[in-house]
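Shown next, in structure tokens, is the structure this report addresses.
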Amino acid sequence: MTTQSVRPALKLPIVVIGAGQAGLSAAYHLKQLGLDPGRDFLVLDADAHPGGAWQHRWSSLTLTTVNRVHDLPGMGFGDFAGDESVRASVAVPHYFAAYEEHFGLNVLRPARVSVVCDRGERLRIESDRGLFSARGIINATGTWEKPYIPPYPGAESFGGIQLHTKDYVSADIFGGKHVLVVGGGISAIQLLDEISQVTRTTWVTRTPPRFREAPFDQEAGRQAVAMVEERVRAGLPPRAVVSVTGLPVTPAIVAMRERGALNRLPMFSEILPAGVRWEDGTRLDVDVILWCTGFQSALDHLAPLQLREPSGGITMTGRLATQVAKDPRVHLVGYGPSASTIGANRAGSAAARELTAFLGLRP
């Protein structure tokens with residue numbers, strides 16, 4: 001007769017899952033509210049080093065080409081930026097590491113969470129670093145770990161190279177190849193710009209891209225956030241931010257227009273062994289299909305909590321729509337309206353305040 005071993009779980013009031021912009025912001029605000037890192041809350045991070053998704057970005061993404069890196073609360077990024085030509089994958093992780101150390105956030109890493117389950121008054125968090133039991137969680141797992149590639153007939157027959165933005169390293173590896181860039185977001189434009197300068201490219205998008213000629217001021221930002229927030233409060237899946245904001249017309253965009261790199265085609269209907277085909281029968285031979293089709297929220301570990309609606313979205317509530325309506329013990333930061341870096345900071349603050357109030361942890 002065998003006896004099954006029982007593994008004890010470390011009990012804490014709150015567990016923060018993820019140590020990117022949103023997770024670190026939430027941890028900072030929990031500490032500012034009087035909670036002790038390691039005793040009252042614990043931050044778990046799947047990566048072996050600080051930096052969130054930034055440490056995995058392609059090498060050509062520098063501080064001059066990246067979307068603005070917003071300061072974490074309490075410590076500005078400026079002192080860590082240095083030369084604007086420095087790779088974002090180096091500068092931002094350096095900043096995050098210094099931030100964690102300065103505020104003593106005691107992030108446990110690498111600690112990949114596999115599942116979160118309801119255990120009555122507590123939530124059980126299972127990870128490869130042990131078991132944890134919490135009264136509430138702030139989930140900040142972002143999207144980097146869940147790249148999205150839409151299904152298309154014949155995809156498995158393609159004899160060339162298929163890769164996602166997440167897999168991109170450098171344009172140089174495509175020399176002499178015809179690259180089909182799929183997607184209309186900011187990352188698609190950045191990579192199309194790089195690749196089109198070294199080899200032949202074709203650009204396809206599902207809908208015509210919208211270019212924003214006017215400046216993106218605070219009012220435009222508020223309107224964009226409000227539109228995304230409206231969807232998640234209704235339990236609908238959040239839309240990509242660029243679908244609301246449009247693509248800013250930068251000097252790089254102007255240069256791409258001048259050399260014909262922005263001659264966009266509509267989406268193809270089928271993938272062939274040597275290329276793609278449109279509904280009207282038109283064919284195009286390509287060597288590479290680069291899917292710049294975005295990411296989805298990495299929330300599979302929360303599936304046992306049954307938070308999703310039939311629409312596939314999660315109904316959110318709270319001041320900044322970070323609290324899950326079906327389970328107020330769960331806050332999602334970096335989801336929906338807080339998916340941007342500046343939105344993640346505000347969401348971290350709101351989640352920390354609302355969750356501690358809900359759990360009666362306010363000093």
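The values are calculated or read from the model by the stated rules, or taken from the named source; none is laboratory data. The structure displayed is predicted, hence computed values, not measured ones. No Cβ is skipped: glycine too gets one built from the backbone with ideal geometry, and neighbour counts run over all protein chains shown.
For the stretch 115-135, indicate whether the set of residues that are within 18 Å of the chain's Cα centre (by Cα), outside any helix (DSSP H, G or I) and in the same structural domain as residue 77 (by TED's automatic domain parsing) is non-empty.
No, there is no match, as no residue in the stretch 115-135 is within 18 Å of the chain's Cα centre (by Cα), outside any helix (DSSP H, G or I) and in the same structural domain as residue 77 (by TED's automatic domain parsing).
Just the residues that are of a type in the set (S, T, N, Q) and farther than 20 Å from residue 296 by Cβ, please, taken from the stretch 163-189.
Residue satisfying the conditions is 170 alone.
What are the residues in the stretch 295-352 that are hydrophobic (A, V, I, L, M, F, W, C) and either within 16 Å of the chain's Cα centre (by Cα) or not assigned by TED's automatic domain parsing to the domain that holds residue 72 (or both), if any?
295, 298, 299, 332, 333, 339, 342, 344, 347, listed by residue number.
If you go through the stretch 269-289 one residue at a time, do you hit one that is outside any strand (DSSP E or B) and under 26 Å from the mean Cα position of the chain (by Cα)?
no
Between 175, 183, 142, which is over 26 Å from residue 259 (Cβ atoms) and of a type outside the set (A, V, I, L, M)?
Step by step, each of 175, 183, 142 is checked, and only 142 is over 26 Å from residue 259 (Cβ atoms) and of a type outside the set (A, V, I, L, M).
Filter the stretch 192-213 down to residues that are loosely packed, with under 13 Cβ neighbours inside 10 Å and either touching a helix residue (DSSP H, G or I) at 6+ places or on another chain (Cβ under 6 Å) or of a type in the set (Lys, Arg) (or both) and give me whichever is nearest to residue 256 (Cα to Cα).
This residue is 210.
Which residues, taken from the stretch 126-177, are in contact with a Cys (Cβ under 8 Å, 6 or more places away or on another chain) and under 22 Å from residue 331 (Cβ atoms)?
Of everything in the stretch 126-177, just one residue is in contact with a Cys (Cβ under 8 Å, 6 or more places away or on another chain) and under 22 Å from residue 331 (Cβ atoms), namely 126.
Name the pairs: first residue in the stretch 54-72 and outside any loop (DSSP other than H, G, I, E, B), second residue acidic (Asp, Glu) and modelled with pLDDT under 70, Cβ to Cβ under 9 Å, at least 6 apart or on different chains?
Close Cβ pairs satisfying both conditions: 62/83; 62/84.
So residue 275 ticks every box in (1) in the same structural domain as residue 119 (by TED's automatic domain parsing); (2) modelled with pLDDT of 95 or more; (3) in contact with an Asp or Glu (Cβ under 7 Å, 6 or more places away or on another chain) but one. Which box is left unticked?
Evaluating residue 275 over (1) in the same structural domain as residue 119 (by TED's automatic domain parsing); (2) modelled with pLDDT of 95 or more; (3) in contact with an Asp or Glu (Cβ under 7 Å, 6 or more places away or on another chain) leaves (1) as the failure.
Given (1) under 16 Å from residue 61 (Cβ atoms); (2) of a type in the set (A, V, I, L, M); (3) modelled with pLDDT of 95 or more, where does residue 186 come up short, assuming only one miss?
(3)
Within the stretch 176-187, count every residue that is in contact with a strand residue (DSSP E or B) (Cβ under 6 Å, 6 or more places away or on another chain) and buried (at least 18 other Cβ atoms within 10 Å of the Cβ).
Total meeting the criteria: 5.
Would you be able to tell me the number of residues in the stretch 95-107 that are within 15 Å of residue 71 (Cβ to Cβ) and surrounded by fewer than 17 Cβ atoms within 10 Å (Cβ to Cβ)?
Summing the residues that are within 15 Å of residue 71 (Cβ to Cβ) and surrounded by fewer than 17 Cβ atoms within 10 Å (Cβ to Cβ) in the stretch 95-107 gives 2.
Let's see how each residue does on (1) under 21 Å from residue 134 (Cβ atoms); (2) at pLDDT below 80; (3) surrounded by 16 or more Cβ atoms within 10 Å (Cβ to Cβ); (4) among the small types (Gly, Ala, Ser):
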{"residue": "2", "(1), (2), (3), (4)": "no, yes, no, no"}
{"residue": "12", "(1), (2), (3), (4)": "yes, no, yes, no"}
{"residue": "15", "(1), (2), (3), (4)": "yes, no, yes, no"}
{"residue": "40", "(1), (2), (3), (4)": "yes, no, yes, no"}
{"residue": "55", "(1), (2), (3), (4)": "no, no, yes, no"}
{"residue": "72", "(1), (2), (3), (4)": "no, no, yes, no"}
{"residue": "115", "(1), (2), (3), (4)": "yes, no, no, no"}
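Of the residues 346, 319, which single one is at pLDDT 90 or above and touching a helix residue (DSSP H, G or I) at 6+ places or on another chain (Cβ under 8 Å)?
After applying the criteria, what remains is 319.
Criterion first (of a type in the set (A, V, I, L, M, F, W, C), farther than 30 Å from residue 48 by Cβ and in a strand (DSSP E or B)) does residue 181 satisfy it?
For residue 181, the condition - of a type in the set (A, V, I, L, M, F, W, C), farther than 30 Å from residue 48 by Cβ and in a strand (DSSP E or B) - is met.
Any chance you could count how many residues in the stretch 308-341 are surrounded by fewer than 19 Cβ atoms within 10 Å (Cβ to Cβ) and in a loop (DSSP other than H, G, I, E, B)?
Residues in the stretch 308-341 being surrounded by fewer than 19 Cβ atoms within 10 Å (Cβ to Cβ) and in a loop (DSSP other than H, G, I, E, B): 10 in total.
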